[in-house]
Amino acid sequence: MAIEGKITGNLLSNPIRKTVNTAGGEKHITEFRMMSDVWKNVGDNVDPIQDEDKTKPVQVTAWNERLAETCALVYRKGMRLQVYGDIYMRENKASEAERAEGKRDFADL
């Protein structure tokens with residue numbers, strides 16, 4: 001199940017091109033990490049401040065080969081981006097050893 005979303009933030013590192021094997025053959029993708037950020041107004045303060053609780057690193061993968069190639073050529077660390085696309089949740093199951101330590105299953109975006 002996908003969630004349609006928009007992420008705004010800065011690139012944490014330069015994009016990395018990869019070749020992956022899929023059911024339809026090899027695909028060239030681009031991956032990069034960015035720090036999503038959320039800004040809020042507090043009281044009468046004119047300048048917004050960053051909401052630290054909602055600012056998180058995000059892994060982005062461009063699967064469209066033309067888009068992936070453009071991302072790899074144009075994007076560089078520190079650039080400000082708005083990324084639109086589908087967000088998929090990844091379920092992480094705790095191992096028996098982790099459960100013994102009190103850890104639980106969780107979903108990750």
For region 25-77, the percent of accessible surface on carbon and sulfur atoms (probe 1.4 angstrom, ligands and nucleic acids excluded) is 51
Given unit charges at Cβ for Lys, Arg (+) and Asp, Glu (-), the dipole magnitude of the chain about its Cα centre in debye, nearest 20, is 380
Heavy-atom accessible area per residue of the chain, all protein chains kept, 1.4 Å probe, expressed in Å², is 77
Computed curve, the chain, Cα-only Debye sum without solvent term, log₁₀ I(q)/I(0) at 0.09, 0.14, 0.21 Å⁻¹, is -0.35, -0.75, -1.15
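The values are calculated or read from the model by the stated rules, or taken from the named source; none is laboratory data. Since the structure is predicted, the reported quantities are computational estimates derived from the model, not experimental observations. Using ideal geometry, Cβ is built from the backbone for each residue, glycine included, and neighbour counts are taken over all protein chains shown. Please note that ligands, DNA and RNA were not included when accessible areas were found on the heavy atoms of the full protein model with its side chains. Shrake-Rupley method; radii C 1.70, N 1.55, O 1.52, S 1.80 Å.
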